[in-house]
Structure formats: structure tokens, C-alpha cells
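Colleague: My structure is below; once you've seen it, I'll send some questions.
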Amino acid sequence: SQQGEEDPQALSIQEGENATMNCSYKTSINNLQWYRQNSGRGLVHLILIRSNEREKHSGRLRVTLDTSKKSSSLLITASRAADTASYFCATDDGDTGRRALTFGSGTRLQVQP
Amino acid sequence: EAQVTQNPRYLITVTGKKLTVTCSQNMNHEYMSWYRQDPGLGLRQIYYSMNVEVTDKGDVPEGYKVSRKEKRNFPLILESPSPNQTSLYFCASSLLMLAGGNTGELFFGEGSRLTVL
């Protein structure tokens, strides 16, 4: 079952611009995580935000979480060509207690140099 | 270096020929999991393991088997592969996967691209 759904599916921007990706989910969660995947490679963890947090920063990344709207956003500031990748949100299944992260289909980000 | 290692990275096989994809982690993680990634479907969990000799089904377990005889290894077994199992497979591990869904970050392998003809 897909818990997180990212929006947009694809995003193309110029180097130096900001990139914003959104994630919506359906059930209650304990935390939400964002991952990055370079083409054909494994996923790499970027940031985790807990359900009692509203905003978190890590370097050029800013994540917000709105549990009332069941949504999160990932902002990458001053983007670089090396940020070109797919980005996934992932949630735990807080309702079921199943020991898993459920991933959405991802946003493909293309940063033009 | 902390890592999750999968082998093989690429494999082409034929329908019905049993194969095993190995996964090994060197971080002493108790939790390990297998996902498959297909275009438009994101990552879907196949099986997971909370600890040695403890495994459970994920979202799409049909056609797969796993075992967890040692903490560091979590092989994925396809007893009789079929073309619909053509996919990109990822093994992942985590230090923290508590009851109630409180999870830590997952560490992923580089993936195994499997083609079943």
C-alpha cells in the first residue's frame, strides 16, 4: 500500500533556484522521512521529522510537517546540478504498528546547470 | 565503512530457475528488509526481519522467501522466478524499528537489477 504521495512527479529548475516537493499521506504517523535516490542507485536518508515537530533544517534542506493536513514538504535551497535525483518521502504505519517504512512514488528533480 | 552489500548487482535469468540475492550489513542492525522498486509503483516491501530467526511478510511477499540465520545476512530467495518478478530489488537495514512504528533511518544497498525471461 502506498502511504506517501509526492507532488509534483517531476520538477525541472535552474541551478541556484529553490526546489519544493510535497508529500501527502493517509494515516497517523510517528515520523516522516525523506530519501534521495540517484539514478539506479540505492536510497540515501536525508532527514527525519517526528510527528511532534513542525519544521526541521539540515544544511540546504528544510522540511515541514503538518499533521492536521497529513502533508510534508521538502525545500532544497540554492539548488546545484548535483541535486538532480529522485526524492521520496517515507512514513511509518503508525496505525498498524507494522515494522516498515512506506514509500511514495517520488519526485524526479532535474537541476539544469 | 558502514554499508549494506547486495549481490549480484545485475542478473538475467529464465523462468523457473531458482536464484538467491544475498544481502549483508556490517552495522550490527537488528532490522532488515527487502523492497522492490517498479516504475510508477515506488518501493514496495517484500519481507522484513526484526532479528535472527524472526521474519514477517510485507506488502508483496508472494513468490519470495527469506531467511535470517545470522544477524548480518538476509538473503532473498526466488524459488521459481517469473517475468513479473523482473524488478530492481533493494535490501535495507536499520538500528531502530520499534513497536508502534517508531522507526529510525534505513540504510540501503545499491540494488540488484533482476530480469526474468
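The values are calculated or read from the model by the stated rules, or taken from the named source; none is laboratory data. What you see is a predicted model, and the numbers here were worked out from it, not measured in a lab. Here Cβ is always computed from backbone atoms with ideal geometry, including for glycine, and neighbour counts include all displayed protein chains. SASA here: full protein model, heavy atoms, side chains in, ligands and nucleic acids out. Shrake-Rupley method; radii C 1.70, N 1.55, O 1.52, S 1.80 Å.
Colleague: Build a GNM of chain B with springs between Cα atoms under 10 Å: which of B:K65, B:K18, B:K57 gets the top mean-square fluctuation?
Modeller: B:K18
Colleague: Can you tell me the equivalent ellipsoid semi-axes for the protein assembly as shown? Use √(5λ) from the Cα gyration tensor, largest first, whole Å. Before the final figure, lay out the partial values.
Modeller: Working: eigenvalues 170, 86, 48 Å².
Those come to 29, 21, 15 Å.
Colleague: Between A:K69 and B:T13, what FRET efficiency comes out of the Förster formula 1/(1 + (r/R0)^6) with R0 = 45 Å and r the beta carbon distance, rounded to 0.05?
Modeller: Values: r = 45 Å, r/R0 = 1.01.
The pair B:T13/A:K69 has a calculated efficiency of 0.50.
Colleague: Give me the log10 of I(q) over I(0) for segment A:9-52 at q = 0.14, 0.22, 0.33 Å⁻¹, as the Debye formula computes it from C-alpha points; what are the numbers?
Modeller: -0.49, -1.03, -1.18
Colleague: With a 1.4 Å probe, how much accessible area is buried between chains A and B, both sides summed, in Å² to the nearest hundred? Write out the running numbers ahead of the final one.
Modeller: On the way: alone 6140 and 6460 Å², together 10550 Å².
So the buried area, both faces added, is about 2100 Å².
Colleague: Placing +1 at every Lys and Arg Cβ and -1 at every Asp and Glu Cβ, with all other atoms neutral, what dipole size does the protein assembly as shown have around its Cα centre, in debye to the nearest 20?
Modeller: Numbers: 26 positive and 23 negative charges, 79 e Å.
That gives the protein assembly as shown a dipole magnitude of about 380 debye.
Colleague: What number results when the radius of gyration of segment B:14-117, computed over Cα atoms, is divided by 2.2 N^0.38 Å? All intermediate terms of the calculation are to be shown ahead of the outcome.
Modeller: Values: Rg = 13.3 Å, N = 104, 2.2 N^0.38 = 12.8 Å.
Taking N as the residue count of segment B:14-117, the ratio is 1.03.
Colleague: Using a 1.4 Å probe, what is the accessible area per residue for segment A:2-94, in Å²? Don't skip to the end; give the middle numbers.
Modeller: Details: 4200 Å² over 93 residues.
It amounts to 45 Å² per residue over segment A:2-94.
Colleague: Rank these by accessible area, largest first, 1.4 Å probe: B:Y10, A:Y25. Before the final figure, lay out the partial values.
Modeller: Details: B:Y10 160, A:Y25 15 Å².
Highest to lowest solvent-accessible surface, that is B:Y10, A:Y25.
Colleague: Right, another one. For a 29 Å ceiling on Cα separation, which of these pairs sit above it: A:K26/B:K17; A:K26/B:K18; A:K26/A:K56; B:K18/B:K69; A:K70/B:K65? Before the final figure, lay out each step's value.
Modeller: Values: A:K26/B:K17 39 Å; A:K26/B:K18 38 Å; A:K26/A:K56 21 Å; B:K18/B:K69 20 Å; A:K70/B:K65 34 Å.
Long pairs (Cα-Cα over 29 Å): A:K26/B:K17; A:K26/B:K18; A:K70/B:K65.
Colleague: Once a ≥ b ≥ c are taken as the square roots of the eigenvalues of the Cα gyration tensor of chain A, is the result rounded (a/c under 1.5), prolate (a/b larger than b/c) or oblate (a/b not larger than b/c)? Spell out each step's value before the answer.
Modeller: Values: a/c = 2.09, a/b = 1.63, b/c = 1.28.
Note, shape of chain A comes out prolate.
Colleague: Follow-up. How high is the FRET efficiency from B:M27 to A:Q14, r the C-beta distance, R0 35 Å, rounded to 0.05?
Modeller: Values: r = 38 Å, r/R0 = 1.09.
Efficiency, rounded to the nearest 0.05: 0.35.
Colleague: Near the amide H of A:S12, under 5 Å away, which other amide H atoms are found, from residues 5 or more places off or on another chain, if H is placed in the peptide plane?
Modeller: Hits under the 5 Å cutoff: A:Q110.
Colleague: Full-extension gain between A:Q110 and A:R80, please, as 0.36 nm times their residue separation minus the C-alpha to C-alpha distance.
Modeller: Values: separation 30, 0.36 × 30 = 10.80 nm, distance 0.96 nm.
Taking A:Q110 through A:R80 to full extension adds about 9.8 nm, to one decimal.
Colleague: Just need the relative contact order of chain B here, percent rounded to a whole number, with Cα pairs under 8 Å and 6+ apart.
Modeller: Details: 309 pairs, mean separation 41.1, N = 117.
For chain B, the relative contact order is 35 percent.
Colleague: Which of the listed residues, B:N84, B:L106, B:V60, is farthest toward the dipole's positive end in chain B, when Lys, Arg count +1 and Asp, Glu count -1 at the beta-carbon?
Modeller: B:N84
Colleague: Could you compute the FRET efficiency for B:K69 and A:R50, with r as their C-beta to C-beta distance and R0 at 45 Å, rounded to 0.05?
Modeller: Details: r = 34 Å, r/R0 = 0.76.
Computed FRET efficiency for B:K69 and A:R50: 0.85.
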